[in-house]
Amino acid sequence: MWTPLPQQQSFNCSLGIFSKGTVMQEILHNFGLYHGWKDGVEYDDSSTAMGFGGSCPSAPELWRLGWATPLVLLNSSSFPLAIYEKFILPATYVGPTGVMVKIQPDWLGNQAYTKNMYLALRAKAAGDRDLLDQFNGKLNIHELNRFFDNRFLPGGDPKVSLTGALDPGSSITRFDYKLHLLVGVFDKTTSTIILTVCRFVTGPNECIFPSSPLSPMPPSPWSPPPSPPNPPSPRPTFPKSPPPSPLNPPRPRPLSPKIPLPSPPNPASPRPPSPQSLLLSSPPNPPRPRPRSPPSPFSPPKPHAIELGSSFTEFAGPNVGSNKSFRDPQAMAIWVNAGASSYASTVTAATFTTTITIAGQATQALLDIMVDDIADVFINGANITTVKWGWRWSGDYTNRPIKINLPVGTSTLSLRVQNTGGPARVAAYLSSSDGNTVLTRTNSAWTYTVG
C-alpha cells in the first residue's frame, strides 16, 4: 500500500507488503502522521515504523495519535529554574498514561523557542518487541516543530526528529534548550528509568539538587526552646525537697539491727543506683555530639566538574573532528574551576569520576581522551594506563582509543589528571566496541576530588 499524504486513503501496492514496519507506516499516514527524521534526513529514525524501524511509534507520534499521554508537561510556569527535578519514567509500551516527558522550552524566548522536546524510555517488550537494541532500555529524545505540536495543526509536517538515545548512567547538556539531563539506572523489573532534569540560564553549574539534608537543621533550633521550660518547672521543686532531706537522717537512726532486714535492701537499691544513675546519665551526653554530625552529610557529596566548553573548541587540532580520531562534540572539556582554559594550578592533581552500568553480559568499550597534560585512567580502582595530550599535532593521539573491559553491573571510571603548567582540562568519551554507541562522556555530571 502507498500513501502520498497524511489523512488520505492508502492504495494497494505489492512493495513492502510483508514488512510490518512498512504496513504500519502506510496505515498511520491515514491518521495524520508524517515520516520520522534524524539529523535532517527523512525516514532516518529507526526507532519508529514512521522511519526505518519496525516498532511502535515514537513518543511524540504516540501523543499526536492520542494513544499516550505525558507524565508531566514542563515549561517556564511548571519547571523551576536551576533546580533538578526527578521523575520515574515508565517505558512507552506500558502506556497509555504518563509514559513521556514533554518539554515546551518557552524560557528561550519567542524567537529561539521553535521546537518541543519529548523524552521517553523505550524497552523491547509487547508492541515494542521488535525495537532495535540501540534504543532498548535507553532514554529516547525527539523534537518537533512547536507551532504544529502546541496547536495540533493538521496538514503540515512537524518533522518529528530523533536527536539521541541516552544510556542509563549517562548525561547530556543541551545548550540549545538550556537543559541538563541525567539518566539513572534502568529497572528491568518495572520497565522504568529515573530521569533528572534541570533548566539553566548560562550553564549546568547553576543547577542544584533539592536540599534534603538542610531539613534536619531547622529542628535543631527548635530543641533548645523546650529545654529551658523543663528546668524551671520540675527541677526547682527538687531543690525544695532538700529541706525534707534532714528528715531522712532520722531514718538512718532507726537503722537498728531490727530493721536491717527490710532496710538494707532499701538503702542498697537507692544508693547504688544513684551513682549508677549518674553514670547512666552521662551516656545521654554523647548523643549531644551526635546532633553535631548533621554537618557530615554535607561532606560525602563530591563537587561536580565545571564545563569549560565543547571538546571541539577547547582541543581544536588535527586529531579532533567528526571524521578524526576524537569525534564526539558532546564530550565537554572539564576542570575543577572556571578559567582553567587559560591557567590552572600545578600543585595538586584532580580526579574526575563517573559510573557506567552494563546489563546482560560483560563488554569491551573504547575510551577516547584528550588531556592537558597527563591522565591516569582507572576502572574500579585499577590503574589501566597513562596518557598525555592528544590534540597538539598529527601523531600525538597515541595509545588511543583505550580498550576497557566492563563487567556486568555498575563500574567506576576515574581520570586522575595532573597539570604540568598553563591550562588544564580533560575531555573523554567511552563508546561501545563498534564505536556506534556512547556509554558516557565528560560533562558536569562527573564528580571530582583534589589531591
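Looking only at the stretch 166-188, residues that are under 16 Å from Val99 (Cα atoms) and over 13 Å from the mean Cα position of the chain (by Cα) come to 2 in all. Can you tell me how many residues within the stretch 345-384 are on the phi > 0 side of the Ramachandran plot and over 21 Å from the mean Cα position of the chain (by Cα)? So the count comes out to 2.
With touching a Leu at 6+ places or on another chain (Cβ under 6 Å), part of a loop (DSSP other than H, G, I, E, B) and in the same structural domain as Arg441 (by TED's automatic domain parsing) as the only criterion, which of Ser322, Ser341 stands out? Steps first, answer last, please.
On the way: Ser322 fails: touching a Leu at 6+ places or on another chain (Cβ under 6 Å).
Exactly one residue qualifies, and that residue is Ser341.
Taking the stretch 82-106 as the range and being under 18 Å from the mean Cα position of the chain (by Cα) and farther than 20 Å from Pro57 by Cβ as the test, the residues that pass are Ala82, Ile83, Tyr84, Glu85, Lys86, Phe87, Ile88.
Filtered by the rule that a residue be at positive phi and exposed (fewer than 12 other Cβ atoms within 10 Å of the Cβ), the stretch 416-425 gives a lone residue, Gly421. As for the stretch 356-376, it holds at least one residue that is touching a residue at least 60 places away in the same chain (Cβ under 8 Å) and not in a strand (DSSP E or B).
If you filter the stretch 330-362 down to residues that are surrounded by fewer than 16 Cβ atoms within 10 Å (Cβ to Cβ) and under 24 Å from Tyr397 (Cβ atoms), you find that the one that is modelled with the highest pLDDT is Ser342. Among the residues examined, Asn150 does not qualify as without any contact (Cβ under 8 Å) to a residue 24 or more places away in the chain and of a type in the set (S, T, N, Q).
Can you tell me which residue among Glu61, Glu42, Glu85 is in contact (Cβ under 8 Å) with a residue 12 or more places away in the chain, out of contact with any helix residue (DSSP H, G or I) (no Cβ under 8 Å at 6 or more places or on another chain) and among the charged types (D, E, K, R)?
On inspection, the qualifying residue turns out to be Glu85.
In the condition set (1) out of contact with any Phe, Trp or Tyr (no Cβ under 7 Å at 6 or more places or on another chain); (2) surrounded by fewer than 21 Cβ atoms within 10 Å (Cβ to Cβ); (3) in contact (Cβ under 8 Å) with a residue 40 or more places away in the chain; (4) in a strand (DSSP E or B), Leu182 is compliant with all but (2). Looking only at the stretch 133-172, which residues are under 22 Å from Tyr429 (Cβ atoms) and surrounded by fewer than 16 Cβ atoms within 10 Å (Cβ to Cβ)? Of everything in the stretch 133-172, those that are under 22 Å from Tyr429 (Cβ atoms) and surrounded by fewer than 16 Cβ atoms within 10 Å (Cβ to Cβ) turn out to be Asp133, Gln134. Within the stretch 192-205, the set of residues being more than 14 Å from the chain's Cα centre (by Cα) and buried (at least 22 other Cβ atoms within 10 Å of the Cβ) is empty. Scanning the stretch 332-349 for residues that are of a type in the set (A, V, I, L, M, F, W, C) and touching an Asp or Glu at 6+ places or on another chain (Cβ under 8 Å) turns up Met332, Ala333, Ile334. Checking every residue in the stretch 397-415 against the condition of being in contact with a Gly (Cβ under 7 Å, 6 or more places away or on another chain), touching a residue at least 60 places away in the same chain (Cβ under 8 Å) and either surrounded by fewer than 19 Cβ atoms within 10 Å (Cβ to Cβ) or assigned to a loop (DSSP other than H, G, I, E, B) (or both) gives at least one match. No other residue among Ile402, Ile358, Ile369 is over 26 Å from Thr313 (Cβ atoms) and in contact with a Leu (Cβ under 8 Å, 6 or more places away or on another chain) apart from Ile358.
The values are calculated or read from the model by the stated rules, or taken from the named source; none is laboratory data. Since the structure is predicted, the reported quantities are computational estimates derived from the model, not experimental observations. No Cβ is skipped: glycine too gets one built from the backbone with ideal geometry, and neighbour counts run over all protein chains shown.
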